[in-house]
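First the structure, in the form of C-alpha cells, and then the observations on it.
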Amino acid sequence: MKIRNSTALVTGANRGLGRAIAVELIRRGAHKVYGTSRSGDGDFPAGVTALRLDVTKPEEVSAAADAASDVNLLVNNAGIADFIGFLEPGAIDKAHAIFETNFYGPVRISQAFAPILARNGGGAIINVLSIASWITSPALAVYAASKSAAWAFTNALRQHLRPQGTHVVGLHVGFMDTDMARGIDSPKVAPEDVARVTLDGLEAGLEEVLADDKTRLVKQSLSAANPAYLATVER
C-alpha cells in the first residue's frame, strides 16, 4: 500500500509512537490523517483531524467509525502499560484494564473499520505489538500477556481480511523513548525511527515489522534450542 493520498486513522496519536506515525504519514503525503485520544485533545501534529476515542468504549468506537468512513489505513496504536506480575495483589483487576485497551481495543476498532476498509478498496491495518509478545519477566507479565494475545489476534485478522484485500501488518518493537517507558533503565529507540521503519515496511508489503535490533534477535531466537523467552528479562 502507498501512503501518498491515503486516508489514515491513528489511535493514541497525541503522543509517543502514535504521534510520530501521524507526523510521518503527513510527511509522506497522506491525504488526511485522523488522530485520536481519549479526550479528543492533546498535542496532535499540525494537519491532523482530532477525534475523541476511548478504545474501551464501544459507543465511541462506533462514533469514530461514522466520523472517519473514508479511512483506508488503520493504525491500532493506543495502549497502556503497568508493571505488575500475575501473583501480585490486584493483578486480576489490572489485567482486565490492560487487556481492555491492549487486546479488546484493537479487536473493537478492527471490527468497526474492517467493513469501511473493504468499501474503500481494502487498504491496510497496522497493529502495534511489542517485543513483549515473545519475552517477559515477572514485572512485565500482565502487559506481555496482553501483547501476546494481540499478536495472536493480528495473525488471525490477517487471514480473515486477506480475501477483501486488506493488508495486515504486525509491528514489534522494544523499549521506545516515550512516556510509557519513562523510568526504565534500558536502551531505547526513537519513536520517529520506528514510525519510518513501520511505514517503509507497509509500503514494501511486509506482514511483520521488527523495528530494532533487539527485537530482531529475540524473534530469531524463538526456534533456537534456548529461546529468549526462557530467560528472565530485567525491567
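Values quoted throughout were computed directly from the atomic coordinates according to the rules given, and no laboratory measurement underlies them. It should be emphasised that the depicted structure is a prediction, and the values quoted were computed from it without experimental measurement. Every residue, glycine as well, gets a Cβ built from its backbone with ideal geometry; the counts of neighbours run over all protein chains shown.
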**Segment Leu230-Ala204, extension gain: residue separation times 0.36 nm, minus the distance between their alpha carbons** = 6.1 nm
**Request:** Choose one answer from Ala68, Ala152, Ala225: the residue with the largest mean-square fluctuation in a GNM of the chain with alpha-carbon springs under 10 Å.
**Result:** Ala225
**Request:** Name the residues whose placed amide hydrogens come within less than 5 Å of the amide hydrogen of Ile126, ignoring near sequence neighbours (fewer than 5 apart) on the same chain.
**Result:** Leu74, Val75, Asn76, Val169
**Item:** Stretch gain in nm, segment Arg27-Ala139, where the contour uses 0.36 nm per residue and the Cα spacing is subtracted
**Value:** 36.6 nm
**Label-zone membership for the range 31-46, site Ala63, 7 angstrom Cα→C-beta point, backbone N under 14 Å** = 36-41
**Complete:** Counting sequence-distant residues (5 or more places) and residues on other chains, those with an amide H built under 5 Å from that of Asp82 are Tyr143
**Message:** Counting other C-beta atoms within 10 Å, and keeping those with at most 14, which DSSP coil trypsin sites (Lys or Arg not before Pro) do you find in the range 1-108?
**Reply:** Lys2, Arg4
**Request:** Using amide H atoms built 1.01 Å from N in the peptide plane, name the residues 5+ places from Val209, or on other chains, whose amide H lies under 5 Å from its own.
**Result:** Gly170, Leu171, His172
**Message:** Take Asp193 and Ile92, extend 7 Å from each Cα along the Cα→Cβ direction, and tell me the distance between the two endpoints in nm.
**Reply:** 4.2
**Centre separation in Å (Cα based) which lies between the range 42-121 and the range 127-160** = 15
**Request:** Please state the charge dipole magnitude for the chain, taken about the Cα centre, from unit charges on C-beta atoms (+1 on K and R, -1 on D and E), reported in debye and rounded to the nearest 20.
**Result:** 520
**Message:** Can you give the Rg/Rh ratio of the range 7-230, where Rg is from the C-alpha atoms and Rh is the Kirkwood radius?
**Reply:** 0.95
